[in-house]
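To start, the structure itself, in structure tokens.
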Amino acid sequence: MAEDSTVARESMEFDVVIVGGGPGGLAAACRFMQIAEKTGQEISVCLVEKGSEIGAHILSGAVLEPRALNELFPNWRELGAPLSNPVTVDEVYYLPNGTNRIKMPGFGVPSVTHNHGNYATSLGNLCRWLGEQAENMGVNVFPGFAASEILYDDNGAVAGVTTGDMGISASGEKKPTYAPGYELRARYTLFAEGCRGHLGKQLISRFELDKDSGTQSRNSGISIRNGMCQARSCTPWAGRANTSEACSPALTFITWRTTRSRSA
Ligand SMILES: Cc1cc2nc3c(=O)[nH]c(=O)nc-3n(C[C@H](O)[C@H](O)[C@H](O)COP(=O)(O)OP(=O)(O)OC[C@H]3O[C@@H](n4cnc5c(N)ncnc54)[C@H](O)[C@@H]3O)c2cc1C
């Protein structure tokens, strides 16, 4: 729902506003602060997350390849990152029908699906930890605030976001608890709202960001638990995973990719 444009809104200015407190937005926030510290600059970074707390909207359970984390926080072990479950076994099965399974020999398994060196973890917990690191570095982390509209300057460039109004009834009426959202203005606005964010869709459309791209696509994976295989499929349009059982932390293999393929 579009926000009421006649309402006077409090406005706040930052150097950087980040929309979304998933791994992408949080890592970016930390990186901005690291670069600022390294170059002796003082910058203000604000991150808004629509979940009630950081991690609240993050699907738990992931096999994490730690290369990016190694680069962002080489000392993540000392800092207490919640990665305590290294993958020790990789087993991949071919499922010819509903009852049989054939274990794939190691050489028949594509290298991108090998998980040695990776960690089975809760992505929600990792985000909570990243949120703490970001706050410790001085990022203004605002959970419970959804960016609802994009602000543009007179030249049509993105100038920040508006957070959603609070206290609106289901029928669109202002309740006694009504409080207008904030204008968060920034020199740079980073949209890290996931692959199906509604603001991202507006930006893609307005600036024709997908002009030279194919359709957004993804693939699904398989989780293996105690020697049993479970097909795992995810519906990208609903952002939802359908799986018969939760993944085993120690014996999980999953491939997951959200790609925007370039057209030839
Ligand atoms: C079922 C499933 C299993 C997966 N398994 C794995 C795995 O095993 N290993 C792996 O590496 N990856 C896995 N992934 C992929 C991984 O979850 C994503 O790549 C990763 O979460 C993307 O991070 P992100 O920060 O870009 O976006 P997201 O994680 O989607 O985070 C976006 C955040 O932005 C917030 N947000 C959205 N819109 C707004 C708004 N308007 N205002 C404020 N906040 C907003 C959301 O609440 C959310 O917290 C899996 C994904 C799914 C769905």
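Structure values in brief
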read-out: Cleavage-rule hits, trypsin sites (Lys or Arg not before Pro), segment 147-210, DSSP coil, Cβ neighbours within 10 Å at most 13; value: 196
read-out: Sites matching chymotrypsin sites (Phe, Trp or Tyr not before Pro) across segment 134-224 that sit in DSSP coil, with at most 15 neighbouring C-beta atoms within 10 Å; value: 207
read-out: Reachable aspartates and glutamates, given that their alpha-carbon falls under 14 Å from the alpha-carbon of residue 174 and they are not under 8 places away in the same chain; value: 3, 4, 165
read-out: Under 27 Å from the Cα of residue 201 - lysines, other chains or at least 8 residues apart; value: 50, 211
read-out: Stokes-Einstein D for segment 1-142, Kirkwood Rh over Cα pairs, 37 °C, 0.692 mPa s (µm²/s); value: 183 µm²/s
read-out: Mean shadow area of segment 67-200 over all directions, Cα convex hull, nm²; value: 15.2 nm²
read-out: Per-residue Cβ neighbour rank within 10 angstrom, fewest leading, 171, 52; value: 171, 52
read-out: Sites matching GluC sites (Glu not before Pro) across segment 163-195 that sit in DSSP coil, with at most 11 neighbouring C-beta atoms within 10 Å; value: 173
read-out: Cα centroid separation, segment 111-125 to segment 1-73 (Å); value: 23 Å
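Read the figures in this text as sums done on the coordinates, not as results from a lab. The structure presented is a predicted model; accordingly, all values stated were derived computationally and were not measured. Here Cβ is always computed from backbone atoms with ideal geometry, including for glycine, and neighbour counts include all displayed protein chains.
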